[in-house]
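Taking it in order: structure first as structure tokens, then the write-up.
Coordinate-derived values only; no laboratory data. What you see is a predicted model; the values in this text were computed from it and never measured. Heads up, the Cβs are rebuilt from the backbone with ideal geometry, glycines too, and the neighbour counts pull from every protein chain shown.
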Amino acid sequence: MWDYTDAVKEHFIHPKNVGEIENPDGVGNVGSISCGDALRLTIKVDRATEVITDAKFKTFGCASAIASSSMLTEMIIGMKLEDAEKLSNDDIARALGGLPKEKMHCSVMGREALEAAIADYRGVTLPMAQGQIVCECFGVTDLEIIRAIRENDLKSIEDITHFTKAGGGCGRCHERLQEILDRELHSEAARTAPPRSRRMTSLEKIRKIEAVIEQEIRPTLKRDHGDIQLIDVDGDRVTVALRGACVGCHASSATLKDYVEKRLREQVLDTLVVEEERA
């Protein structure tokens, strides 16, 4: 029997904001009924202020899944999108007073649904969705696993299963999970740098560039009210557009070369050249 907090029990027995918004501005669908957990999150956004004015959910899952979804909607209503984008699965779990470690994947599902809904509102594709499937049973990608390891300091396959459900089915992906885990735990350099012995395909290069921009560069720039958009990748030439406070900033050239280009060279390929889109 799981040891649930009072908050989890309350949001399970009396969930808030259940249902679906008519004509939503953003929709996030994660999981699947066949895998045992599914969540559909719909949000309404004030386009002038980018404040989430309403949020509703439909969940198929256990008490933790329902409680996490309910708490998530309560947390994000009235929140600006830029703040909602910073929410982590740990924030959801903490708001509930904690979750059993075996149920942490429910908070991860909530965060993923929020990210998917915001991406839908913005009309962009999440890099996580472009990863390679590792766990066929639950449809979990390598990028999702890597993110869970990094954000939650996971140390074992069991930990990965608790946070992502990967490895919790037939078990055939355990060898691949261990490979990913060993690489992530080995060192920061091994975590970020691609193997130099194998030539990346163009698609792999683009996916890695997108992942670094979305997971690291954009969040950093957004903390100072800036933003960045990937425009094109042509060979080793990467074209981006600076947005928000970065536009017209006297330090934009330094940001482009000393931060964006440097991070992409460190984490993707050391021959990349980053240029700003010309008007």
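Helix 142-152 and the longest principal axis of the Cα set of the chain meet at an angle near 70°. Shown for 126, 177, 185: other C-beta atoms within 10 Å of each C-beta, ranked fewest to most, produce the order 185, 126, 177.
Legend: ranking of residues 255, 73, 239, 49 from fewest to most surrounding C-beta atoms inside 10 Å; resulting order 49, 239, 255, 73.
Given R₀ = 51 Å, FRET efficiency for residue 136-residue 250 by Cβ-Cβ distance, to 0.05? For residue 136 and residue 250, the calculated efficiency is 0.50. Taking the centroid of alpha carbons for each part, the stretch 150-179 and the stretch 219-279 are 33 Å apart. Angle of helix 202-212 to the longest C-alpha principal axis of the chain, folded into 0 to 90 degrees and rounded to 10: 70°. Candidate values (1) 30, 23, 19; (2) 32, 25, 15; (3) 44, 31, 17 were compared with semi-axes √(5λ) of the Cα gyration tensor in Å computed on the shown model; the agreeing label is (2). Between their Cα atoms, which of 9/155; 9/44; 56/208; 16/86; 103/155 are more than 24 Å away from each other? Exceeds cut-off: 9/155; 9/44; 56/208. Taking the longest Cα principal axis of the chain as reference, the axis of helix 174-186 is set at about 60 degrees. Here the label points at residue 262 and residue 62, each 7 Å from Cα along the C-beta direction, are separated by 4.5 nm in the simple model.
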